[in-house]
Structures are given as structure tokens and as C-alpha cells.
Amino acid sequence: MTISSVRTGAVDEVAVTRSYEIRTYGCQMNVHDSERLSGLLEDAGYVRAPEGSDGDADVVVFNTCAVRENADNRLYGNLGRLAPRKTQRPGMQIAVGGCLAQKDRDTIVKKAPWVDVVFGTHNIGKLPVLLERARVQEEAQVEIAESLEAFPSTLPTRRESAYAAWVSISVGCNNTCTFCIVPALRGKEKDRRTGDILAEIEALVGEGVSEITLLGQNVNAYGSDIGDREAFSKLLRACGRIEGLERVRFTSPHPRDFTDDVIAAMAETPNVMPQLHMPLQSGSDPVLKAMRRSYRQDRFLGIIEKVRAAMPDAAISTDIIVGFPGETEEDFEQTMHVVREARFANAFTFQYSKRPGTPAAEMDDQIPKEVVQARYERLVALQEEISWAENKKQVGRTLELMVAEGEGRKDGATHRLSGRAPDNRLVHFTKPDTEVRPGDVVTVEITYAAPHHLLAEGAVLGVRRTGAGDAWEKRNTAEAAKPAGVLLGLPKIGVPEPLPGATGSGCGCD
């Protein structure tokens, strides 16, 4: 914590600034929720701990995911690793939120009694209050709301990017996929008012943001609250009328709700990018039925055909689960067939794992691990081949890239920068003589393709400085000007007793 002295009259008052660290696991929803948690804590006077603090902050928050099998074991491993550190640093607090907190509730404090706060997906706005209450009362605070208290976008937010932003348009999900626990933890779908969404986007653009991603658990079902099946396409078109907004993306849509008016809005709205991430999960009709996915192979491939007809250069990506209970070799071959037909730019492939509390976890015919592994490897090999072939089609094209921050791990060694093409492909390009900043736009010619990225090895053809780049520069200048805090770890009330036998497993959540 940072200590500073303020003199008022004849009395010196000591101001204590506490640091925080947030560890985020899971989907884009959790990433955006963590931006809100950061905003809430900073609004309450906390300061972000330096990068690499690794548990040295005064407050460590775990924003958890419950989707993966054994997610709880990974969480308790991480909590166990922090227990001795908390004993050594009186006044340190640990909070657990997110989907696993919503699911396990009181179990977390029973298994890890050194945790100070447990909060759920519906009441993230309570975190600062719960931390203070735990400190004053010297006991753990567990507060799990059963329904959404306020739409999260009304909360303060510390956005990770100055030039690109998530914008939530709905929370929750009305689907009942047998492998997914999300509806039980996030609740039924609740849509946000269109006017509020557009007002947030306009405010972000005014701050320098030039790319937004519309976010929802089932983003294209937007409008179900009011019975307007075309509400999502209308929203896309409305985004097209916002001056200064250069790029619009959205994730993740559901094939059931992917209607022709959405395809038309994408094709006819210039700032909606030619990119689509649409989860397949399986190419087998019997498996899709067992998953309770309300579409079949023909429907999925039909959507792909329509998207490609309207936007020939669109990059389409997907999610696929391998080894769902009862999946036969014939079922798996149907998935491989869809992958060959759809020619995805990339695919996020997962080996099925039991999600506690889901119907699929209790199904018969669980597939042996070695069979799942072998199928998974075949699928990955096929998709790698297709991704590389599709990327090779980009060679020779001239593309506008939005310069990105932190996406090229080898940029320093290779004297390159990285950016995203309109279709969201990652491109590494030669660093130009002219200064470019994240958020600026460069024009390049693609010279080489790999399965997961493109290279533009020639000279940059053009540089366009943008308001987004200005926003990035302004933020970085302000961050650099902040005085560095000194973390002293002074004793406070509520010091925990030494925890006998508390050791960490070193496991990490994912």
C-alpha cells in the first residue's frame, strides 16, 4: 500500500492507498467484467498493482470461470498458493467472483477460509463495499445475488484499450445446451436499451475509441425481450451512422438466430467488419440434437453460403467440441465434413470435458480419453491445413491494418509492429520510419502467410494517424506521469491467524 502524509491545520493525516490485482479466467464476458471491477476499485481509491506483482497486491481478485472441468481445483490451488503470503502480509484481502463463485457460493469459504469476499455474476458492483465490510467486521463476506441488480454497463469501467472497446448489449442466455452451465450462472437473457447502447458507443468514440465489439452471450438474439426479431440488424445499421466509429464487430452469435436481415446489415454497413465467429460445436445432426443445439448441419452450411455470397472476403471462425458423449466415428466424420466445406479461417477446438451441473455430464456413452485425443489431433491437423491455405489467398493483397498493442510477441526482436486486418487476421508488418501508435491505421501489402498470421515484409504503403492513436498516446503519457507507489504492507485489523498446512499446488485456472 502507498502511504502519503497530508497536513491539515496542526494535524498530520496519513492517507493509505491500497493496490489491487485482478486475475481473469474464461470468456470475453469475464474480461469485460474485470474491466468493470477495475473501474469500481479505482473509483473507490485503489490503485492498480504493477505488472508482474503476482499476488503482492493488497487486494487480489479472482474473476472465475466454471465452464471447464476441475475449474474449482485450479482455483483452490491458486488460493492455497496465496495463503502463506496473506499470513505474512497482514491486511491483504482476497476476493473470488465470477461464474464459479456464483455456482459454489459458501463452499469457497469453507475450503479456503482465508478468502475475504465471495461475490457472484449479478452483483459485481458490490465488491468495494464487501471488501470494506470484511475489513471492518473481520469476517468473510459472501453475497450472491440471484438476479441482475443493475445492468453492468452502468458501472465505472477501466478499459484495457484506449482504441478498442467491448460494449455489452445483453447478459444471460435463454438456450439450454446440455454441455453448458452458463445460463444457470448468468441467468436468462436481458437486453439493454438500444438508446443506452448507442449512447455508450458515442461516448467511447468521443474519447478516441475507433473499434467496438458488441458483446452478448447470444449476441444476435438481441431484441428477444421486446419481441423484435430484427433488433440486432437495426443496431448494426445504427452503428454505421456513428461518425468516427471505424470498425464494428460482434461476438458470439448463435446459428439459430442468424437471420438474413443480419447478413444484409453486415454487407451493407461499411464499418461492420467482414468477420464472423459462429460456433458450430458439432457437424453431426444426432450430436447437435443431444447437445440441444437448435440447428442442423444443412442450416449451418446454408448460413455460411449466404454470408460468403454477400461478403466474399469474410473470414469465418468457429468453436468445435470433440468427443461429446455418444459421438461415434461417423458423427466425428460429419464434423470433419463441415470443416472442409466451411473452410474456416480458424477454429477454437476443445476436447469435451464434463461441466458439473450440466445434463451432458450425466449422459451415458462418455467417450474414452484416448479416442477423444486422437479425434482432436485429426481435427486440428485438418483445420491447420485449411487455415494456412486460406491465409495464402491473402498474399499480394493490400490491406488497411489497425495497429495493435501487445499482439506481436516477437515484434521487438524482428523490428516489426502488428495490426489487425478488417477481417481480424493478425498481420506483422515492417516498422516504418514514420511513428505509428496503437489505434493508428497503416496500409500494407501481404507478402507471406502462415497458418495463424500474415507478414507484410515490404515498406509500409501509408500511415494514417487517428484520434484512436491520440487517445492511446494521451493515456500512456498520463500513466507514465503517475507517481510510483511504495507497497509497505502495514498491519491492519483483521489479521488472519497462521494457516496450518496451507500449501499451494501451483495449478492455474483456464
Cα-based Debye curve of the range 357-414 sampled at q = 0.27 Å⁻¹ gives log₁₀ I(q)/I(0) of -1.10
What is the packing order of peptides 41-53, 98-110, taking the mean over residues of other C-beta atoms within 10 Å and listing the highest first? 98-110, 41-53
Accessible surface of Asp298 - all protein chains present, 1.4 Å probe, nearest 10 Å²: 120 Å²
Helix 28-43 sits at what angle to the longest principal axis of the chain, using alpha carbons and giving 0 to 90 degrees rounded to 10? 30 degrees
Got the relative contact order for the chain handy, in percent, Cα pairs under 8 Å and 6 or more residues apart? 16 percent
Take each of the peptides 165-172, 268-275, average the number of other beta-carbon atoms within 10 Å over its residues, and list them starting from the highest. 165-172, 268-275
Where the centre of each part is set by its Cα atoms, how far does the range 251-269 sit from the range 51-68, in angstrom? 36 Å
Please report the equivalent ellipsoid semi-axes of the range 205-333, computed as sqrt(5 x eigenvalue) of the Cα gyration tensor, largest first, in whole Å. 30, 15, 14
When the Cα centres of the range 285-352 and the range 78-154 are compared, how far apart do they sit, in Å? 39 Å
Carbon-plus-sulfur fraction of the accessible area of the chain, 1.4 Å probe, in percent? 51 percent
Per-residue ³J(HN,Hα) for the range 185-201, Karplus 6.51 cos²θ - 1.76 cosθ + 1.60, θ = phi - 60°, Hz, x for Gly and Pro: 9, 9, x, 5, 5, 10, 8, 8, 4, 4, x, 5, 4, 5, 5, 5, 4
Counting only the heavy atoms of the protein chains, how much of Thr154 is accessible to a 1.4 Å probe, in Å² to the nearest 10? 100 Å²
Within 10 Å of each candidate Cβ there may be at most 12 other Cβ atoms; applying that plus a DSSP loop requirement, which GluC sites (Glu not before Pro) in the range 219-248 survive? Glu243
Please go through the range 251-300 and write out the trypsin sites (Lys or Arg not before Pro) that DSSP classes as loop and that have at most 16 other C-beta atoms within 10 Å. Arg292, Arg296
Place a point 7 Å from the Cα of Arg229 in the direction of its beta carbon; the residues of the range 246-282 whose amide N falls under 18 Å from it are 254-266
Please state, to two decimals, what the Cα-based radius of gyration of the range 286-344 comes to when divided by 2.2 N^0.38 Å (N = residues). 1.20
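Is it possible to state the helix-based mean residue ellipticity at 222 nm for the chain, with each DSSP H run of 4+ residues giving -39500 (n - 2.57), the sum divided by total residues, to the nearest 500 deg cm²/dmol? What is it?
Roughly -10500 deg cm²/dmol at 222 nm, from the helical runs in the chain.
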Rounded if a/c is under 1.5, else prolate if a/b is larger than b/c, else oblate: which is the range 367-486, with a ≥ b ≥ c the root eigenvalues of its Cα gyration tensor? oblate
Considering amide H positions built from the backbone, and no H for Pro or chain starts, which residues 5 or more places from Ser252, or on another chain, come under 5 Å of its amide H? Gly216, Val219
From the square roots a ≥ b ≥ c of the eigenvalues of the alpha-carbon gyration tensor of the range 126-201, which class results: rounded (a/c under 1.5), prolate (a/b over b/c), or oblate? oblate
Per residue, how much accessible area does the chain have with a 1.4 Å probe, in Å²? 44 Å²
With x for Gly and Pro, the residue-by-residue ³J(HN,Hα) of the range 273-284, computed from phi through the Karplus equation 6.51 cos²θ - 1.76 cosθ + 1.60 at θ = phi - 60° and given in whole Hz, is 6, x, 9, 9, 10, 10, x, 8, 6, 7, x, 8
If you line up the Cα atoms of the range 110-253 on their principal axes, what length do they span on each, largest first, in Å? 53, 38, 23
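The values are calculated or read from the model by the stated rules, or taken from the named source; none is laboratory data. In this text, all values refer to a predicted model and were calculated from it rather than measured experimentally. Positions of Cβ are generated from backbone atoms using ideal geometry, with glycine treated the same way; all protein chains shown enter the neighbour counts. The protein model used for the area step is the full one, side chains on, heavy atoms only, and it has no ligands, DNA or RNA in it. Shrake-Rupley method; radii C 1.70, N 1.55, O 1.52, S 1.80 Å.
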